[in-house]
Amino acid sequence: MAGKYTDLHHQAITNPDRFWAKVAEDIHWDKKWDKVLDDINVPIYRWFTGGELNTCFNAVDIHVNSGRADQLALIYESPITGNKKSYTYFDLLQHVSRCAGLLADLGVNKGDRVIIYMPMIPEAVFAMLACARLGAVHSVVFGGFAANELALRIDDARPKLIISASCGIEPGRVVEYKPLLDKAIELANYKPAACLIKQREQHTCQLIPGRDRDWDEAIANANAHECVPVAATDPLYILYTSGTTGQPKGVVRDNGGHAVALKWTMRNIYGVNPGEVYWAASDIGWAVGHSYLVYAPLFNGNTTILFEGKPVGSPDAGVFWHIIAEHGVCTLFTAPTAFRAIKKEDPDGRLVSQYNMAKFRALFLAGERTDPNTLNWAEQKLGVPVIDHWWQTETGWPICANPLGIEKFPVKPGSSTRPVPGWDVKVMDETGNPAATNHIGALVAKLPLPPGSFPTLWNAEQRFRDTYLEEYPGYYKTADAGYIDDDGYVYVMARTDDAINVAGHRLTTGAIEEIIAGHADVAECAVVGVADDLKGQLPVGFLVLYAGVERDADEISSEVVQKVRDEIGPIAAFKTALVVSQLPKTRSGKVLRGTIRKIADGESWKMPATIDNPAILDEITAMLKKVGYT
Ligand code: COA
Ligand code: AMP
């Protein structure tokens, strides 16, 4: 007899209308939908057309109205500043509804965009939910991005308002946000009408009269605002992810499908019941932070944790265990890189044994493939299932997972287990046909994608079609490569585009190359992602200088490193730029990035038959050796 998973997976694929209509009954609708799956504009599908709801109502008000007013909704844990605060659902409603009132006073209406460029403080969560309450569209920009990246997003999203703070805190330094914000607004062609700034005690910034408003002063005079019903298909947020060019892609999330799918995942994938404490140790600037720090746990009536700190050094590699023990966390979701950092500091897991983590029952990892070493270490030290699951900013929730709330499968290290109900995953070979079992190829998902995944890119429907839908008609191209084994387990092995994964963050080498190429002395360049024990991958640049440039190569390398930090931000972790006499190329002029990467990673490699300049590979090998690679 088929198990529960097989049955649900089959139902969701063969009759998505019926499956998701039933799931959608768990959400509060102001007006019921006319159509569950709207396929009038294939291959672009929409969910729950005609329906109306409010995301904030489903995340906050509904729980105050149904007996959870006194339950903790949000716990702010900031070991990096020594602060902590707790908010019940009732408290959260007060903060969010007043914040919505303030935004409305500042002219924000349904459909207007609001950029949120903030550190991990409760006001960032209030701001997201307040936008949702008004039907405004938020776009959170990660604090580790530089002014230039923020400016690109301002020009694309055209926000009426930007909400920011005086500073963020990184180990050993205060990151002043205001100069970055001011510079971004100066760089952008589009100018927001107003900025709302939360002054933090660690640093106070100057406000620009007429444009900037002080959060604390303004909120003191604000009145609560009710929830504004929006169409299920209206955008809830835009979240930018790097593209192959310097222009980031604005992933759009709608209101209806998002609420339906995310609430369902909490019980079915994560196995978490309402009332329990769930923790996603991610920044709100990433998709994980949106889906699993803010929205999904609140839809499900959980207590969620906002963590401002690092897995190590704030104060030590035991901080995760401390928080899990103190708050009775049942499930933690983070990136494998965080665990590699902890393992490096505390290889024997001595700190784990100092805490009573009686309620802790599962660890979920995503953002990159969990290497079997890290998975085994975590499983052994924590004594709970460690679940590698695969998803993308675009999908908003996992494509593949071990769905603990449906059926727990044996863990196979290196695999993100099986496609979650709603996802029909296939592997395509180089001819565009389904690949055989155990054969690596392009991972695709059959259309329609389930609710909650992105319906389009902001202001860029053609780019959406070209990037994701064109190559495999009828399928969504994930741009990941991998294989499916005899038991139906999916193994996600590599990207098929130029994206690299640095500490669980997606960067594209093309975007870094564009910045390096802008240096006056650089004639051409190539960036490759090389393996790193802690961060998974790190970008390394190879530069060819213009003939006649006689300046010191080290000086130019440092300038290039600084340029990437200034224009993308510290999060690019770009620290190595090597000046070489040529780039290795094929006779048709294609840069042999794959060969460079293999040399850097110490993998075996063959001299490509089509190489035009084989001698350069010796020079590159010697340079990589000098800086500690190979
Ligand atoms: N604002 C400003 N700067 C930031 C920042 C922020 N919000 N977040 C990171 N940075 C800076 C860091 O200070 C660092 O700067 P540096 O070059 O001056 O040292 C740089 O960006 C790189 O940051 P990071 O990749 O976080 O590296 P790290 O060495 O500070 O920490 C880890 C390493 C593994 C501990 C850290 O990457 C981590 O906790 N990762 C978890 C991953 C995660 O949450 N992924 C989300 C998907 S689940
Ligand atoms: P992002 O959208 O920034 O979260 O990056 C998504 C990308 O991260 C995916 O396309 C994969 O390349 C990678 N990724 C995320 N989770 C996993 C996983 N569990 N296994 C393998 N790769 C993953």
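The values are calculated or read from the model by the stated rules, or taken from the named source; none is laboratory data. It should be emphasised that the depicted structure is a prediction, and the values quoted were computed from it without experimental measurement. Cβ: placed from backbone, ideal geometry, glycine included. Neighbour counts: every protein chain shown. Just the protein is used for accessible areas: all its heavy atoms, side chains included, with ligands, DNA and RNA removed. Shrake-Rupley method; radii C 1.70, N 1.55, O 1.52, S 1.80 Å.
All told, G589 meets the bar of being of a type in the set (G, A, S) and at pLDDT below 95. Scanning the stretch 148-169 for residues that are free of Cβ contacts under 8 Å to residues at least 60 places away in the same chain and either within 16 Å of ligand 2 (Cβ to nearest atom) or open to solvent by 10 Å² or more (accessible area, probe 1.4 Å) (or both) yields D155, R158, K160.
Only one residue in T595, T621 is of a type in the set (S, T, Y) and in contact with a Leu (Cβ under 9 Å, 6 or more places away or on another chain). Which one? Steps first, answer last, please.
Values: T621 fails: in contact with a Leu (Cβ under 9 Å, 6 or more places away or on another chain).
Unique residue meeting the criteria: T595.
Kindly check whether there is at least one residue in the stretch 37-46 that is within 27 Å of G301 (Cβ to Cβ) and buried (at least 21 other Cβ atoms within 10 Å of the Cβ).
Filtering the stretch 37-46 for residues within 27 Å of G301 (Cβ to Cβ) gives none.
No; the residues of the stretch 37-46 include none that is within 27 Å of G301 (Cβ to Cβ) and buried (at least 21 other Cβ atoms within 10 Å of the Cβ).
Given the residues A325, A362, A358, A366, which is the only one that is more than 15 Å from V272 (Cβ to Cβ), under 21 Å from the mean Cα position of the chain (by Cα) and either modelled with pLDDT of 95 or more or away from ligand 1 (no atom under 11 Å from the Cβ) (or both)? Let's see the steps before the verdict.
Working: A325 fails: under 21 Å from the mean Cα position of the chain (by Cα); A362 fails: more than 15 Å from V272 (Cβ to Cβ); A358 fails: under 21 Å from the mean Cα position of the chain (by Cα).
Going through A325, A362, A358, A366 in turn, the sole match is A366.
Out of all the residues in the stretch 393-403, is one or more under 18 Å from A287 (Cα atoms), within 14 Å of ligand 1 (Cβ to nearest atom), part of a loop (DSSP other than H, G, I, E, B) and open to solvent by 50 Å² or more (accessible area, probe 1.4 Å)? Looking for residues that are under 18 Å from A287 (Cα atoms), within 14 Å of ligand 1 (Cβ to nearest atom), part of a loop (DSSP other than H, G, I, E, B) and open to solvent by 50 Å² or more (accessible area, probe 1.4 Å), one finds none in the stretch 393-403, hence no. Is at least one residue of the stretch 474-497 of a type outside the set (G, A, S), modelled with pLDDT under 95 and either open to solvent by less than 50 Å² (accessible area, probe 1.4 Å) or in a loop (DSSP other than H, G, I, E, B) (or both)? Yes, there is a match, as at least one residue in the stretch 474-497 is of a type outside the set (G, A, S), modelled with pLDDT under 95 and either open to solvent by less than 50 Å² (accessible area, probe 1.4 Å) or in a loop (DSSP other than H, G, I, E, B) (or both). The residues of the stretch 592-630 that are open to solvent by 80 Å² or more (accessible area, probe 1.4 Å), over 18 Å from V579 (Cα atoms) and not acidic (D, E), listed by number, are S604, W605, K606, M607, A609.
If only residues of the stretch 377-390 that are in a loop (DSSP other than H, G, I, E, B) and open to solvent by less than 30 Å² (accessible area, probe 1.4 Å) are counted, the one that is nearest to R418 (Cα to Cα) is H389.
A count restricted to the stretch 531-589 and to residues that are away from ligand 2 (no atom under 16 Å from the Cβ) and either of a type in the set (D, E) or closer than 24 Å to N501 by Cα (or both) stands at 30. Of everything in the stretch 413-432 that is under 16 Å from G474 (Cβ atoms) and part of a strand (DSSP E or B), the residue that is most open to solvent (accessible area, probe 1.4 Å) is K426.
For E470, the conditions (1) on the phi > 0 side of the Ramachandran plot; (2) more than 16 Å from ligand 2 (Cβ to nearest atom) are fulfilled apart from (1).
Count of the stretch 358-375 residues, restricted to those that are away from ligand 2 (no atom under 11 Å from the Cβ) and assigned to a strand (DSSP E or B), is 2. When residues in the stretch 433-473 are screened for being of a type in the set (S, T, N, Q) and buried (at least 22 other Cβ atoms within 10 Å of the Cβ), 1 of them pass.
Conditions tested, residue by residue: (1) more than 17 Å from K249 (Cα to Cα); (2) more than 16 Å from ligand 1 (Cβ to nearest atom).
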residue	(1), (2)
Y483	yes, yes
D487	yes, yes
Y491	yes, yes
V502	yes, no
T509	no, yes
I516	yes, yes
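Counting the residues of the stretch 206-227 that are assigned to a loop (DSSP other than H, G, I, E, B) and crowded, with 19+ Cβ neighbours inside 10 Å gives 2.
Can we say P311 is in a loop (DSSP other than H, G, I, E, B), closer than 25 Å to W286 by Cα and within 9 Å of ligand 1 (Cβ to nearest atom)?
Details: in a loop (DSSP other than H, G, I, E, B): yes; closer than 25 Å to W286 by Cα: yes; within 9 Å of ligand 1 (Cβ to nearest atom): yes.
In short, yes.
Tell me whether the stretch 19-30 contains one or more residues that are farther than 23 Å from I269 by Cα and without any contact (Cβ under 8 Å) to a residue 12 or more places away in the chain. No, because not a single residue in the stretch 19-30 is farther than 23 Å from I269 by Cα and without any contact (Cβ under 8 Å) to a residue 12 or more places away in the chain.
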